[in-house]
Amino acid sequence: MAYRSSPVRGRGCERDQDRHPAAPSISSTVFVGGGTLAIRCAQLAMAMGHVIGAALCDDAIFAEWAARANIPCRESVEELCSFLETEPVDWIFSVANPFILPPDVFGRARRGAFNYHDGPLPRYAGTQAASWALLAQETEYAITWHRIDDGVNTGDVVVQRQVLITPNDTAWSLNLKCHEAAIEGFRELLTGLEKGKLTAYPQVLVDRSYFPSRRRPDAAGCLRWDRSAQDLSAMTRALNFGPCHPNPMCLPKVLIGDEVVTVRRLEVLARPSDVPAGRLLEVHSSHWRVATGTENVDVCFGEPDGEVLDARALARRSNLDEGDRLPILSDEQARSITVTHELLAPSEDFWRQRLKQLRTLQLPFPSSPVAQAPLGWQSSSWFIASALARLSPLDRTEYLVTAWLIYLARITGETEFQLGWTPAPQASRAGLPAVEALIASVVPMEITIDPAQDFAAVRRAVAAEWHRLKEHDSFARDLVARCPTLRPVKALRSRRPWPIGITITANSCSAAGDLPSSQSAGAPQCGEVLTFEVCAVDGSFRWHFDANRLAAKQIDRMTQHLQNLLSGVIADAAQPVGRIDILPADERRYLLEELNRTAAPYPSERCIHELFEAQVQKAPAAVAVVHEDERLSYGELNARANRLAHHLIGLGVRPDQPVAICLERSPAMVVGVLAILKAGGAYVPLDPAYPSQRLRQVLDDAAPRLMLCDAAGRAALGLEALVDLTVVDLETATPAWAELPACDPEPRALGLTSRHLAYVIYTSGSTGTPKGVEMSHGALVNSLSFSPGAGARERRTLQFASLNFDVSSQELFICWKDGGQLVLVREEARRDFSDLLEFARGEAIERLFLPFVALNRFAEVWGTQKALLPFLSEIYTAGEQLQATPLLRAFFEAHPNARLINQYGSTEINVIAEHLLAADPSCWPQLPPLGRPIANTRVYLLDGHGQPVPFGAVGELYIGGAGLRAATSSARI
């Protein structure tokens, strides 16, 4: 087939000038299309004097360029039509354009509208012409610029440029050649238009071949080994669009049993096959050698993410050896595969967009989000909700599906999510294992639940989604691997990417409630953890679940919740679905009452520093603080703090009065904290390592009149911040309080009670602005009285946290109340975990408080150094969600005497829940729980209407109990 560069027959474009006034020297132009080719053509037009008045952009690449070039972008054909009504232009150029331009658009171009086609017209009209030419094993090719008319690729040809095809060309390389030819062809087009000497000729439509976008090659790219090696090579190359470009057709692939494997490359060998087609001749790690209908071929395979697949491992996985024969598709099977893919092709854009917005929904109560053992599928009995007994089977089905989706929104706190959906079985592909392996058996159902709507409104929304799912059916499994944006998403490579699924079956089902639970290997599971199955015949339902991750008793609870929700709908269908009561009475009582029976006696009238003073009375000579070579006994520390406290009282400190403290880590720091508490004040910690601007924000908000600091504190704050403050310098050589009494100030004489503030700690809020959190003495005393380490022997506790974090108060007083030694770590060692590990070992540390991130880093460093901490007995962690990482498990396995305590408590409320993990780390779940409420604390998880959520579900956390001033926050327990 030969193609000419510039045809000489036909009419010339200069005739348009007879019908229009003389063109201005600068032509106004509109571009329609996308990608880098549209950009290059637009740049060329601008360089040749065209002014681009607007662009209809198909993709972000062209749109971003147009915005940078100050070219107005139109988002639809209708919007472009409106623009042209008021702003007519000379030319319209369509480049890599998926839009069909109506006469109202292209007819408004005063001098003409032209389209680029990436193939020779009329022989290769339609889409993906380069691939179809490669499949036809053409050796010559061409690109075409033609006039736009009412048809698709039917307008008069104005420029056609030849492109040669080499034996190794792929769709990707041939398209690159076409792009370069398109630029030169466009230059020829613009030059001809400028000179008025461009010749156009009509297409010979009798020679026309049209390839619609839905058309797919034989067997949708599945290699048929009884075909010639040249046919297989052509198939592989024609479907190779390169690693970074979307593949709009299908992937070259082989079917092995129920597995589909992508072919990356196929090389035809010189030696003809002398064995039956499909015989596996050789297996190497890089490729298989396979006999075809003509020559042998070497075939390399790829993973769904584009990585090379080990061919030898593939053979082992498929139980294939050299000499085995690969399956060969019959003509009937190939036709079925092709037809099925062509029927689904129009919906690919729908599914591609939906998969891009992957939103998996996790059940809040599985024991682990990752299976720790092989899948243990079980099926429940069939149920019919008693509340729906009077409804028809169709209504029952719709009610059940809608109620289930509402329930999921209620227990997860999510209003927009996706579930796995099983498409209705299609007769066209029933009983064809090859087709079933190629087509997705689970697709995403996308749901939005508005809890303020009534049941009827939600039911209509669900019905609309149901209709969309039926309309779009399913998609080819290789769609994910064909899209560069979807390819990296690991979840999409699974046949069940969604943890929760829903399926509607039309089989006759027994609704008897006495059917036993069973192992269900053949059950229609479309959820990776849980599938909700509804029988459309009688409106019954049952569950399929992985018993290794979801307890059977939780299935029973969900069944009860769902039936309660349906009863609430039948009783009052007009109420908002977010208000329907779903809890049975016994579960409500358990959540509200039994879980909150936490009352226990504690010294509620004592202040936190009085716990320290009690130890002073018991053992004044015992060591209370260790810092480098300095050691302070309980008696010495108490005396220093008392003298300073009397000084502060003399300066006017009163109960609840904020007193700032900005000191380096040293004995003076703990003396200052104790002194402020003893004087009745509430300490406001300022870390000298923080930016001065943040420290000043805290000072402005807390407005203390008094500050304790040292040289580091002064430097961090700056002189201007200290102007209006009374500053007490704890580094002075001759302190004014040196001769003051060493006796304890009497709290009652000061009017100080456990209800007064112990500290005001500032934490960054969600906006980044520091917010002050007040904590009373009584709340701290309660949280320390029932800790797992309470009442233990004297322990050496590392003081790790900055005073700006509430856990620092735990470090200080959990240590002192039991007569332990507080060990202050140098700031340098605190920041270097290698030094911190060595410090903890050298100082025989027994108790550590580390947020999870720091704890994991600590375990990681330990993993490289293997320096054992023989004295370690307790580690408290909080701050972030605890994860039982392999490093953490290994650390505790190497320290069998150490116990891990997971605590939860927002800064506003200190500690409200804690959990002592099992001594054996192998028993830990991947995400250990936060535990139960501590003594004298009540915890409620409520929904947006103030009602308790089901056990294990997500809700808003409400807290009450000892020492609480006012606090709420979101959490899961």
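If each residue's Cβ is checked for other Cβ atoms within 10 Å, how do 170, 598, 726 rank with the fewest at the top?
On the way: 170 19, 598 16, 726 13.
Result, fewest neighbours first: 726, 598, 170.
Quickly estimate the mean residue ellipticity at 222 nm for the chain, helices only: each DSSP H run with n ≥ 4 gives -39500 (n - 2.57), and the total goes over all residues, rounded to 500.
-9500 deg cm²/dmol
Quick one: which residues, 5 or more positions from residue 762 or on another chain, have an amide H under 5 Å from its amide H? H modelled 1.01 Å from N in the peptide plane, none for Pro or chain starts.
773
Taking square-rooted eigenvalues a ≥ b ≥ c of the alpha carbon gyration tensor, is the range 783-925 rounded, prolate or oblate, where a/c under 1.5 means rounded and, failing that, a/b exceeding b/c means prolate?
Details: a/c = 1.34, a/b = 1.13, b/c = 1.19.
It is rounded, given that a/c, with a ≥ b ≥ c, falls under 1.5.
Could you list 448, 559, 732 so that the one with the fewest beta carbons within 10 Å of its beta carbon is first and the one with the most is last?
The most exposed by this proxy come first: 732, 448, 559.
Do any trypsin sites (Lys or Arg not before Pro) in the range 168-231 lie in a DSSP loop with no more than 16 other beta carbon atoms within 10 Å, and if so, which?
197, 208, 214, 215
Starting from the range 857-905, pick out the trypsin sites (Lys or Arg not before Pro) whose DSSP state is loop and whose Cβ has at most 15 other Cβ atoms within 10 Å. List each step's numbers first, then the result.
Working: sites: 857, 866, 889, 899; in loops: 866.
In loop regions of the range 857-905 (DSSP not H, G, I, E or B), the sparsely surrounded trypsin sites (Lys or Arg not before Pro) are 866.
Could you go through the range 31-42 in sequence order and give the Karplus-derived ³J(HN,Hα) for each residue, using 6.51 cos²θ - 1.76 cosθ + 1.60 with θ = phi - 60°, rounded to whole Hz, and x for Gly and Pro?
10, 10, x, x, x, 5, 5, 4, 5, 5, 5, 5
Which cross-chain or sequence-distant (5 or more) residues have an amide H under 5 Å from the amide H of residue 284, H modelled 1.01 Å from N in plane?
289
Which far-off residues, 5 or more places away or on another chain, put their amide H under 5 Å from the one on residue 308, with H placed in the peptide plane?
303
Pull out a ≥ b ≥ c, the square roots of the eigenvalues of the alpha-carbon gyration tensor of the range 614-668, then state rounded if a/c is under 1.5, prolate if not and a/b is larger than b/c, and oblate in the remaining case.
Taking the square roots of the gyration eigenvalues as a ≥ b ≥ c, the range 614-668 is oblate.
Counting only DSSP beta bridges with both residues in the range 13-211, tell me the antiparallel percent, nearest 5.
Just about 35 percent of them are antiparallel.
Candidates (i) 33.6; (ii) 34.6; (iii) 31.5; which is the computed Kirkwood radius over Cα pairs in Å?
Checking each listed value against the structure points to (ii).
Please figure out what share of the DSSP beta bridges in the chain is antiparallel and state it in percent, rounded to the nearest 5.
Numbers: 80 of 139 bridges.
So the antiparallel bridges amount to about 60 percent of the total.
How about the range 72-120: which GluC sites (Glu not before Pro) there lie in a loop by DSSP and see at most 14 other Cβ atoms within 10 Å?
75
Give me the count of lysine pairs in the chain whose alpha carbons sit under 28 angstrom apart, restricted to pairs 8 or more positions apart or on different chains.
13
Any read-out appearing in this document is the output of simple, stated calculations on the displayed coordinates, not a laboratory observation. On a predicted model such as this, the values are computed, not experimentally measured, just so you know. When we count neighbours, we look across all protein chains shown, and the Cβ atoms used for this are built from the backbone with ideal geometry, even at glycine.
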